[in-house]
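Novice: Mind having a look at this structure? Questions to follow.
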Amino acid sequence: MTRTVADAMVTIPKTLPASVRVEEARAAFADPKVHLLLLTRGSRLVTTLTRADLVGAVGGPVRWHGRTAGRVTAPGESLAEVGAWMRQTATRRLAVIAEDDRLLGLLCLKADGSGFCSDANVRARMSDRRTDLSHSMGNVMH
């Protein structure tokens, strides 16, 4: 059986509301692990943003600076074909959407191109950040 995008996507992607402003988007990109912002209205993907989309952007809603072309895929697409395209185009993230633009997940190519991030990877990273934060706060409190 051919593996599909749905088999490898992260199902717990971080999203921001479509109303987010330029300054908030820039703040989200302060995290070096963030490569693509997913702006949503309810469960629907409105647009995506990269750091490059914000070059020259000044105040106001950021959604006008984003795009979905070349940044989305369907859950039923061949993982091998989409992965090959991502490697060829140096694309690290693709939003996974249903036909009605519902955001289903995020396909995340690992930095070394060897495979895709999983929900377990994301949960572990979130846990590490919480631990780092609690240690930092503990150091401040002592």
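Novice: Given the conditions (1) closer than 28 Å to S114 by Cα; (2) touching a Ser or Thr at 6+ places or on another chain (Cβ under 9 Å), and given that V62 satisfies all but one, which numbered condition is not satisfied?
Specialist: Going through (1) closer than 28 Å to S114 by Cα; (2) touching a Ser or Thr at 6+ places or on another chain (Cβ under 9 Å) one by one, V62 breaks only (1).
Novice: Report, by residue number, each residue of segment 1-42 that is of a type in the set (S, T, N, Q) and closer than 20 Å to E77 by Cβ.
Specialist: Residues satisfying the conditions are T2, T4, T11.
Novice: Among the residues of segment 107-126, which ones are assigned to a loop (DSSP other than H, G, I, E, B) and not hydrophobic (A, V, I, L, M, F, W, C)?
Specialist: K110, D112, G113, S114, G115, S118
Novice: Considering only strands (runs of 3 or more DSSP E) fully contained in segment 1-106, which possess at least 2 residues that are of a type in the set (F, W, Y), in contact with an Asp or Glu (Cβ under 6 Å, 6 or more places away or on another chain) and buried (at least 18 other Cβ atoms within 10 Å of the Cβ)?
Specialist: Result: empty, no element qualifies.
Novice: Looking at segment 57-75, which of its residues are over 26 Å from A8 (Cα atoms) and in contact with a helix residue (DSSP H, G or I) (Cβ under 9 Å, 6 or more places away or on another chain)?
Specialist: A57, V58, G59, G60, P61, V62, H65
Novice: Return the residues of segment 1-39 that are under 12 Å from the mean Cα position of the chain (by Cα) and in contact (Cβ under 8 Å) with a residue 40 or more places away in the chain; say none if nothing qualifies.
Specialist: M9, V10, T11, I12, P13, T15, K33, H35, L36, L38
Throughout, read-outs are computed from the coordinates displayed, never taken from laboratory work. All values derive from a computational prediction rather than experimental measurement. Heads up, the Cβs are rebuilt from the backbone with ideal geometry, glycines too, and the neighbour counts pull from every protein chain shown.
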